[in-house]
């Protein structure tokens, strides 16, 4: 099989040149072959820019370019599976889809910074991978990225899934002030649930507890019982993932059940559906209740106040028996088991608890739209523009494409039983499904790779096909017990408003994070909450939400 033609390009030298935004032609001009059709802003692509495209491409069609096409791709190079030119994924795409790539590779640690430099300088490749919702906003005014919503009619698989899975309202929140969408998101049939709290079942059983807590109040009660029944514990829980956000995972998991956003998911604006307006998250009643609850865990000696410790420190406390609970997800739970085994404790039972409910109810954050991609506005000048859109639609949104991106090639990386169940080849592992196998699906073949598999898959069946039975059961229970928060409207800010809110956002978030840590650890009394709210107002919290609410009112006119 021929090697995929790739070009590995460094980007360090571009930093010196990326001093100003370079305006690029936007999609939908004469270079793409037409003018908008009707009132939806859609744009027709002419024959000149349809070279290699399929005439009959639609849902259920396997994309194969009618002649060889080559697309430039900004590639996020992950240290756990560094890119290899001879990966099967590249070879298969060349042989079966007639597609090759020119790769501009950027280490994952530098990816967002270098991506911004490339886009701002007008030097970005055609396909800009691994872009999260909201990251595109900074580039809209410069014209460097494509308003991809002008071309949704050329993405039949994407459009079908958005409609069938009820994602239209959430997708609408991605529109910018010009009414267009610039980021093509990863989409999921069901919400993304991975994170909760891992517990040592043996220590819970010592306390006579065999059921998961139904509420966070009950979780607190269980922590108290575990401490009382296991006097050797220093704390019932000591947490990790605190480096960039205080208790990033723990607060993020709890926040929707308190009617707010916190931790990793914190945003300065929260839409109050009852009031019909945005409020400042960091001083909202839900945020106050959440921080008061966690501060109470610390005050009662249940939660370790070392909330700036490293992950290694927190994990070691869990493994050594100093603590009985720690934040976890469906992947690191297996890493904890390995740590216990390495410490000579093969028989320590641990598991994820289902997510308890809070005063706001049993809710999960909306998470059906995820990391996706942007396209450079220069793609409208490419003779292969339509072929590129068809390829993207097939790989990222068709059932066939996402199965290929997740599992690889039947007979090479996996087999399929008569009942349709997929099984990895004996020598291939992915996420502990085939422990001890010498090859990894991502590192050795390029599949299950965040560059080619948006949101780690798309359909519920495919997502659960790569889960262990334990993880699949936990996921199904969590989804059955919870509903997602309602969609909040998007305030489409104009360029001046974006500039103003960007400055306010940064200083306000810094202030909220500092105060959150102080309140939780007891360095600042919760009796000072009103004073804290006044401090946030002095930093511009009211100005921020007023700007969002004014933009929202403008949209309704």
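Note down the nm distance, to one decimal, between modelled labels 7 Å out along Cα→Cβ at residue 267 and at residue 480.
So the two model labels end up 3.1 nm from each other.
Residue 499 to residue 44: extension gain in nm, 0.36 nm per residue of separation minus the Cα-Cα distance?
The residue 499-residue 44 span can extend by a further 160.5 nm.
Sorting 376, 506, 284 on the 10 Å Cβ count, fewest up front, what's the list?
506, 284, 376
Over the range 206-310, calculate the relative contact order: mean separation of alpha carbon pairs under 8 Å at least 6 apart, over the residue count, as a percent.
Numbers: 124 pairs, mean separation 29.5, N = 105.
Relative contact order here is 28 percent.
At 7 Å along the Cα-to-beta-carbon direction for both residue 546 and residue 234, put a label point, then send me their distance in nm to one decimal.
About 4.8 nm, to one decimal.
Please determine, in degrees from 0 to 90 and to the nearest 10, the orientation of helix 495-521 with respect to the longest principal axis defined by the Cα atoms of the chain, where the helix direction is its Cα long axis.
The angle comes out at about 20 degrees.
Starting from 0.36 nm per residue, how many nanometres of slack lie between residue 331 and residue 110 once their C-alpha separation is accounted for?
Value of the extension gain: 77.2 nm.
Using a 10 Å cut-off around each Cβ, can you sort 170, 497 from fewest to most neighbouring Cβ atoms? Please report the intermediate quantities before stating the final value.
On the way: 170 21, 497 17.
If I rank by nearby Cβ atoms, fewest first, I get 497, 170.
If you find the alpha carbon centre of the range 221-247 and of the range 410-485, how far apart are they in angstrom?
Computed from Cα coordinates, the inter-centre distance equals 31 Å.
Note down the nm distance, to one decimal, between modelled labels 7 Å out along Cα→Cβ at residue 215 and at residue 322.
For the pair residue 215/residue 322, the computed spacing is 3.3 nm.
Taking Cα pairs under 8 Å and at least six residues apart, what relative contact order does the chain come out at, in percent?
It rounds to 21 percent for the chain.
Among 271, 75, rank each residue by its count of other Cβ atoms within 10 Å, from fewest to most, as a rough exposure measure.
271, 75
In degrees, nearest 10, range 0 to 90: what is the angle between the Cα axis of helix 385-397 and the longest Cα principal axis of the chain?
Value to nearest ten degrees: 30.
Between residue 205 and residue 433, how high is the FRET efficiency from 1/(1 + (r/R0)^6) when r is the Cβ-Cβ distance and R₀ = 22 Å? Nearest 0.05. Could the numbers behind the result be given before it?
Numbers: r = 28 Å, r/R0 = 1.29.
Using R0 = 22 Å, I get an efficiency of 0.20.
When only Cα pairs under 8 Å and 6 or more residues apart are kept, what is the percent relative contact order across the range 299-354?
Numbers: 23 pairs, mean separation 14.3, N = 56.
Worked out over the range 299-354, it gives 26 percent.
Expressed as an acute angle from 0 to 90° and rounded to the nearest 10, what is the orientation of the C-alpha long axis of helix 332-342 relative to the principal long axis of the chain?
Tilt relative to the chain: about 60 degrees.
May I ask for the distance between the Cα centers of the range 51-97 and the range 306-322, given as a whole number of Å?
If you average the Cα positions of each part, the centres end up 43 Å apart.
Every read-out reported here was derived from the displayed coordinates using simple, explicitly stated rules and does not represent laboratory data. Fair warning: this is a prediction, and the values are worked out from it, not measured in the lab. Here the Cβ is made from the backbone with ideal geometry for all residues, glycine too, and neighbour counts use every protein chain on show.
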